[in-house]
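In what follows, a single structure is set out as structure tokens and then discussed.
Laboratory data are not the source of any read-out in this text; all were calculated from the coordinates shown. Nothing here was measured: the structure is a model prediction, and the numbers come from that model. Note: ideal-geometry Cβ built from the backbone for every residue, glycine included; neighbour counts use all protein chains shown.
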Amino acid sequence: MEITTEQLDRLRRMLEKPGRQVVLLAHTNPDGDAIGSSLAWRDVLRRMGHHVTCIVPNRYPYFLDWMEGIEEIITFKTDEEGRAAAAIERADLIFCLDFNAVGRLEKLSDTLATNTRAERVLIDHHLSPTTDFDLMFSYPDASSTCYIVYALIERLFGTQIITRPMAEDLFVGMMTDTGNFSFSHLTPDLYRALAVLADTGIDIPQLHNNVYNSYTEGRARLFGYAIDRKMKLLENGTVAYMSLVEREMRRFQFQQGDSEGFVNYALTIKDVKMSAMFLAHRRFIRISLRSRGDVDVNLFARRYFNGGGHRNAAGGKSFDSMDETIAHYVRSVREFAEEGGLGPF
């Protein structure tokens with residue numbers, strides 16, 4: 001990841017006049033990286049004297065409720081007072097964090113389109129970003145958007161401005177987007193950044209406990225049900241998938257974030273190279289894809305489900321029924337395997 005002097009100078013010019021109206025946007029179904037990067041960057045910009053509003057399309061997971069200042073984030077879906085629309089309308093500068101295309105905002109993208117004068121800045125680590133931004137900090141080789149935000153802070157201001165709450169925000173994003181530091185892009189620079197965050201006095205075991213050990217009983221039972229009753233294997237046990245429809249989620253009192261991590265579990269099986277999770281919503285089915293090694297689920301998602309993401313973590317959508325979606329997945333996996341996309345058996 002290389003942030004150029006030219007990029008930094010452009011960002012400085014955007015921020016040099018205090019008192020700007022700034023909006024930070026994160027993607028639909030915001031995760032630890034989206035929320036952590038938003039909160040940390042918000043605190044930096046407020047220290048510079050800017051007026052900052054954080055907006056997410058829908059509710060963030062309940063296991064992030066403890067993060068300092070998270071209650072100030074506006075959830076567009078439940079924003080009956082129109083605060084999100086008002087903030088976007090008056091914005092001079094809009095930052096898009098942890099997503100590579102405005103379409104990831106879903107209905108919020110229509111509101112964003114009403115402001116055509118604000119400068120837009122992308123801070124993200126997903127592949128193939130769109131070009132409708134005035135300035136882009138797009139680094140697919142970065143482990144998380146929180147790591148990019150950390151690097152921007154380091155280059156612009158020095159790490160001495162990182163407070164303990166900011167360090168907690170950044171650590172959560174780095175931890176969750178790397179699967180607790182078990183995925184790719186685990187570079188020496190990342191661990192040096194973690195050392196700086198640790199120096200602020202953050203309680204790392206407690207942060208891990210807050211995120212990974214704060215689920216509901218319903219979520220635990222839903223997980224057991226999904227693994228026991230819904231996990232299926234294909235292609236000689238090298239591909240797995242699970243699916244949940246609304247009535248199954250209601251049975252276990254499903255809350256936003258309860259399915260987090262389900263798709264990863266099949267990869268603990270020795271021979272499984274690719275895993276999928278199909279989660280039914282009212283208007284569509286959300287698809288999460290994970291893989292290991294050289295199996296490129298970004299390519300798979302783009303080709304078969306109009307999605308994308310990273311090589312080993314991607315997603316997409318289906319507007320068909322669950323049965324039709326799964327049938328399409330099974331056919332697509334077979335074709336993908338025949339083309340060598342799953343590698344040697």
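Computed quantities for the displayed model
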| read-out | value |
| --- | --- |
| Excluding exposed DSSP-loop GluC sites (Glu not before Pro) (at most 11 other C-beta within 10 Å), longest clean stretch of the chain | 82-338 |
| Low-density loop positions, chymotrypsin sites (Phe, Trp or Tyr not before Pro), the stretch 180-260 - DSSP coil, at most 15 other Cβ in 10 Å | Phe181 |
| Unit charges at the beta carbon, dipole of the stretch 51-161: most positive-side option, Gly158, Phe76, Thr111 | Thr111 |
| Built amide H within the under 5 Å cut-off of Phe137, gap 5+ | Leu122, Ile123, Asp124 |
| Dipole in debye (nearest 20) - the chain, about Cα centre, beta carbon charges: Lys, Arg +1; Asp, Glu -1 | 540 |
| Sparse-neighbour loop sites [trypsin sites (Lys or Arg not before Pro); the stretch 223-291; at most 13 other C-beta within 10 Å; DSSP] | Lys270, Arg282, Arg283 |
| Size of electric dipole in the stretch 179-310: Cβ of Lys, Arg +1 and of Asp, Glu -1, about Cα centre, debye, nearest 20 | 680 |
| Distant-in-sequence amide H partners of Asn100 (H built 1.01 Å from N, under 5 Å) | none |
| Candidate lysines - alpha carbon under 28 Å from Lys273, same-chain residues fewer than 8 apart omitted | Lys230, Lys232, Lys317 |
| Distance from the stretch 12-67 to the stretch 164-229 (C-alpha centre basis), Å | 19 |
| Placed amide H near Thr53: partners under 5 Å, 5+ positions off or other chain | Val22, Val23, Leu24 |
| Formal net charge of residues neighbouring Gly340 (Cβ-Cβ distance under 15 Å; K, R +1; D, E -1) | -3 |
